[in-house]
Amino acid sequence: MPELPEVETTRRGLALKLQGRRIARIEARRKDLRFPLPKDFAKRIEGRGVESLERRAKYILIRLEGDLVWLIHLGMSGRMVMRQGWPNDIGPHDHVIFATEEGWAVTFNDARRFGMMDLIDGAKLAGHKLLSNIGPEPLADDFTPSVLAAALKGKRTPMKAALLDQRVVAGLGNIYVSEALFRAGIHPERLAGSVAPKRLEKLVPLIKEVLLEAVEAGGSSLRDYVQTDGELGYFQARFRVYDREDQPCTACKRPVRRIVQAGRSTFFCNSCQK
């Protein structure tokens, strides 16, 4: 699943060609993705100007004229690819296509159809069921060690699971939690409420560091993800533990281990992480 860096990279790519432009044409090629598309979906978007593109956790928010927000989640395999000119090679998984007056066309492709789109009145955005309980943005100034400590206080869930909880911090996923915990030397199975404040003071800037490095690298391309220009991200070349089972730890050279937590693979160094 695309995580925060992949979504942020997608947002930035879209903003270059969409922000300040008008959606001249949009075509929804099916009535539903993970959920049904809103009634009159294409009709409500077509002809509106794009005021800004934002990100909240793993959601892209396209603010349109008339205080309408187009909410997009890429799901497991969704990607948005931009090109000049309306595509003439539309595939079976190209579910939503839209274009600006200048001719830049964006195709939302989602083979598994776990992605979603919604249209929301801007005044009701904060209370939307998918956004109302999301925690702080990890790249924002208000995500601090003290904020994280308060969210983890008394939690008896493993640290890895706690950081994947979107109510604790927004947008973190399997890859970048594994990488940040390794850099901080924190074992993924350690109970979240037992991590000392001094260790959280180290962890929070490392979370930001990992995410910013990944955004700079265009995200991580493991399966379906590509950037809006069709190029692959390449942060996977910098993984220190993720997807490196039995390979030497980059710090101590002992083999990287893999365990399964809540149905997801966790990669870590049992020597470096305590």
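The values are calculated or read from the model by the stated rules, or taken from the named source; none is laboratory data. What you see is a predicted model, and the numbers here were worked out from it, not measured in a lab. Cβ placement follows ideal geometry from the backbone for every residue including glycine, while neighbour counts extend to all protein chains displayed.
With respect to R112, is the statement that it is in contact (Cβ under 8 Å) with a residue 24 or more places away in the chain, touching a Ser or Thr at 6+ places or on another chain (Cβ under 8 Å) and over 21 Å from L33 (Cα atoms) true?
no
Going by the structure shown, is F108 crowded, with 16+ Cβ neighbours inside 10 Å, under 23 Å from G49 (Cα atoms) and in contact with a Gly (Cβ under 9 Å, 6 or more places away or on another chain)?
Numbers: crowded, with 16+ Cβ neighbours inside 10 Å: yes; under 23 Å from G49 (Cα atoms): yes; in contact with a Gly (Cβ under 9 Å, 6 or more places away or on another chain): yes.
Judged against the criteria, F108 is a match.
Looking at V7, V50, just one residue is touching a Leu at 6+ places or on another chain (Cβ under 7 Å), modelled with pLDDT under 95 and either of a type in the set (D, E) or not in a loop (DSSP other than H, G, I, E, B) (or both), and that residue is V7.
Checked against the criterion of being within 24 Å of S132 (Cα to Cα), outside the structural domain of K58 (by TED's automatic domain parsing) and hydrophobic (A, V, I, L, M, F, W, C), the candidates L203, L163, L191, L181 yield just one match: L163. Looking only at region 83-111, which residues are over 21 Å from the mean Cα position of the chain (by Cα) and among the small types (G, A, S)? Within region 83-111, G85, G91, A99, G103, A105 qualify. Comparison of I72, I97 shows that the only residue that is surrounded by 17 or more Cβ atoms within 10 Å (Cβ to Cβ), aliphatic (A, V, I, L, M) and under 23 Å from A123 (Cβ atoms) is I72.
Okay, residues lined up against (1) farther than 30 Å from A140 by Cα; (2) of a type in the set (A, V, I, L, M, F, W, C):
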residue	(1), (2)
R25	yes, no
V50	no, yes
R55	no, no
G66	no, no
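Tell me whether region 4-18 contains one or more residues that are surrounded by 14 or more Cβ atoms within 10 Å (Cβ to Cβ), of a type outside the set (F, W, Y), touching a residue at least 24 places away in the same chain (Cβ under 8 Å) and under 14 Å from L119 (Cβ atoms). For region 4-18, residues surrounded by 14 or more Cβ atoms within 10 Å (Cβ to Cβ), of a type outside the set (F, W, Y), touching a residue at least 24 places away in the same chain (Cβ under 8 Å) and under 14 Å from L119 (Cβ atoms): absent. Of the helices (runs of 4 or more DSSP H) entirely within region 112-217, those holding at least 2 residues that are surrounded by fewer than 17 Cβ atoms within 10 Å (Cβ to Cβ), small (G, A, S) and more than 17 Å from the chain's Cα centre (by Cα) occupy 145-152.
Let's see how each residue does on (1) without any contact (Cβ under 8 Å) to a residue 12 or more places away in the chain; (2) assigned to a strand (DSSP E or B); (3) aromatic (F, W, Y):
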position	(1), (2), (3)
P38	no, no, no
G66	no, no, no
L71	no, yes, no
S77	no, no, no
N88	yes, no, no
